[in-house]
Amino acid sequence: MSRLSHLEIHMVHRIGWLRAAVLGANDGLVSTASLVVGVAAAGSGKSEVLIAGMAGLVAGAMSMAAGEYVSVSSQTDAERADLARETRELSETPEAELEELTNIYVDRGLDRDLAEKVAVQLTERDALGAHARDELGISETVTARPIQAALVSALTFAVGAVVPLIVALLAPEAQIAVLVAASTVAGLAVLGGLGASAGGAALVRGAARVTLWGVLAMAATAMVGTLFGVTVG
Ligand SMILES: [Zn+2]
């Protein structure tokens with residue numbers, strides 16, 4: 001494998017992780033900042049705001065982890081079921097499987113003779129590995145890891161969520177909502193730009209898109225908080 005394609009594969013892999021991390025942090029930032037702004041807008045004191053924010057961080061991180069664990073686990077289950085069926089087919093109909101593998105290589109551009117030779121040699125070496133990789137698209141590097149994915153998801157959420165909490169902790173009580181909103185908009189612009197550049201998209205448009213939704217979310221919770229504060233206060 002040429003050095004370039006090896007680097008490309010690693011870059012694609014790294015970009016995948018970066019984008020997932022940016023999305024997780026974005027979720028943490030928007031949902032916790034909106035919660036903090038809403039509770040502060042209702043006229044609550046600093047300690048209530050911090051307790052609500054902390055509860056939001058923990059609840060959000062746990063639900064992200066649970067959701068990621070469940071979705072990646074079902075992907076793992078599907079991969080395992082595919083591999084089990086493939087193992088069965090390889091033992092029950094080895095000729096048909098060899099033909100199938102040969103046709104995959106012919107479709108990829110090899111001439112028939114060469115495709116047969118490659119299929120025979122790879123089958124002799126590791127039949128299941130060859131079918132998993134070239135027929136099912138399952139390989140070591142992309143195997144789903146539910147616990148790892150859940151931990152990364154919870155962690156990135158918490159990293160995003162801790163920003164408005166620190167701002168709320170340091171801000172004077174009367175300015176918590178404004179300062180959290182302003183710092184969150186700045187944070188979202190950075191995350192949006194990062195996510196966009198990771199995906200090779202326009203930086204400014206990426207930043208604007210993410211920031212807009214963050215501002216809408218905080219405006220909605222600030223409105224609810226203010227209404228709540230007026231009716232209950
Ligand atoms: Zn097969």
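The packing ranking, built from the mean of other Cβ atoms within 10 Å per residue, places the peptides 212-218, 152-158, 200-206 in the order 152-158, 212-218, 200-206, highest first. Among Arg80, Arg108, Arg209, the largest mean-square fluctuation in a Gaussian network model of the chain, built with springs joining Cα atoms closer than 10 Å, belongs to Arg108. Counting only alpha carbon atoms, the long axis of helix 46-92 and the longest principal axis of the chain meet at about 10°. Residue by residue, the range 27-41 carries 3J(HN,Hα) couplings of 4, x, 4, 5, 5, 6, 4, 5, 4, 4, 4, x, 5, 5, 5 Hz when phi is fed to the Karplus relation 6.51 cos²θ - 1.76 cosθ + 1.60 (θ = phi - 60°); x denotes Gly or Pro. With all protein chains kept in place, the per residue accessible area of the chain amounts to 58 square angstrom at a probe of 1.4 angstrom. Of the residues Val30, Val72, Gln148, the one whose Cα sits farthest toward the positive end of the charge dipole of the chain, with +1 on the Cβ of Lys and Arg and -1 on the Cβ of Asp and Glu, is Val30.
Remark on the range 86-134: ratio of C-alpha radius of gyration to 2.2 N^0.38 Å is 1.02.
Peptides 35-42, 190-197 ranked from most to least packed by the mean count of surrounding Cβ atoms within 10 Å: 35-42, 190-197. Specify the angular offset, from 0 to 90 degrees and rounded to the nearest 10, of the alpha carbon long axis of helix 94-107 from the longest principal axis of the alpha carbons in the chain. In the chain, helix 94-107 runs at an angle near 70 degrees to the longest axis. For the chain, the direction-averaged projected area of the alpha-carbon convex hull comes to 16.4 nm². Within the listed set Leu18, Leu101, Leu29, the residue fluctuating most in the Gaussian network model of the chain (springs between alpha-carbon atoms under 10 angstrom) is Leu101.
Modelled spin labels at Ala220 and Arg19, positioned 7 Å past Cα toward Cβ, are 2.4 nm from each other. Computed from the Cβ-Cβ distance with R0 of 45 Å, the FRET efficiency linking Ser91 to Ser63 stands at 0.60.
Charge tally for Ala40 (other residues, Cβ to Cβ under 12 Å; Lys, Arg +1; Asp, Glu -1): -1. Listed values for the range 174-182 are Karplus-derived 3J(HN,Hα) couplings in whole Hz (6.51 cos²θ - 1.76 cosθ + 1.60, θ = phi - 60°), namely 5, 10, 4, 4, 5, 5, 5, 4, 5, and x replaces Gly and Pro. Each Cα pair under 8 Å and six or more residues apart adds its separation to the average, and for the chain the resulting relative contact order is 40 percent. Spin-label model, Asp113 to Asp126: label points 7 Å out along the Cα-to-beta-carbon direction sit 2.9 nm apart. Go ahead and set up a Gaussian network model of the chain, Cα springs under 10 Å, then flag whichever of Val167, Val106, Val185 fluctuates most. Per the Cα network of the chain with a 10 Å cutoff, Val106 tops the list.
The values are calculated or read from the model by the stated rules, or taken from the named source; none is laboratory data. Only a predicted model underlies this, so the values are computations on that prediction, with no experimental measurement involved. Neighbour counts run over all protein chains shown; Cβ positions are idealised from the backbone, glycine included. Heavy atoms of the whole protein, side chains included, go into the accessibility calculation; ligands, DNA and RNA do not. Shrake-Rupley method; radii C 1.70, N 1.55, O 1.52, S 1.80 Å.
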